[in-house]
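One structure below.
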Amino acid sequence: MNNKEFISELSTRMGYKASDTQRLVENLVNAMSDSFLEDNAVLVPAFGTFEVKKKMERIMVNPSTGQRMLVPPKLVLGFKPSTTWKDQLKSGGQD
């Protein structure tokens, strides 16, 4: 599902105009981004948790040359689905 299809489906379900729904989604993403920049996790009830994690510095080996390289530390965005979603996915969506 691409952005246009998502906005269309969401606006139909909510009964809003597509332009209003687009603004709503943009504001939601901006608020989440601000929270990530402040190093806060975002919990979406009955869906899951988004959080910024720090990956430590590590040594990587290039398999073709055998050369060792140092990979610097970095921040990555992680998602942990709620247990309800995990169980539903494990059962193949049959719930």
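The values are calculated or read from the model by the stated rules, or taken from the named source; none is laboratory data. Keep in mind that this is a model prediction, so the values were computed, not measured. FYI the Cβ positions are ideal-geometry reconstructions off the backbone, even for glycines, and counts take in every protein chain you see. For the accessible areas, the whole protein counts, side chains as well, though only heavy atoms, and no ligand, DNA or RNA atoms are used. Shrake-Rupley method; radii C 1.70, N 1.55, O 1.52, S 1.80 Å.
A few notes on this one:
- Computed over the range 18-57, the Cα gyration tensor eigenvalues convert (square root of 5λ each) into semi-axes of 24, 13, 8 Å, ordered from largest to smallest.
- Burial ranking of peptide ranges 54-67, 12-25 (average Cβ count within 10 Å, highest at the top): 12-25, 54-67
- Accessible area (Å², per residue) of the chain, counting only protein heavy atoms and a probe of 1.4 Å: 83 Å²
- Heavy-atom accessible surface of the chain: percent carbon and sulfur, 1.4 Å: 56 percent
- Subtracting the Cα-Cα distance of residue 56 and residue 14 from 0.36 nm times their residue separation leaves 10.9 nm of extension gain.
- Alpha-carbon centroids, the range 9-25 and the range 76-95: separation in whole Å: 26 Å
- Under a model in which nothing but the beta-carbon of Lys, Arg (+1) and Asp, Glu (-1) is charged, the range 1-88 shows a dipole of about 380 debye around its Cα centre.
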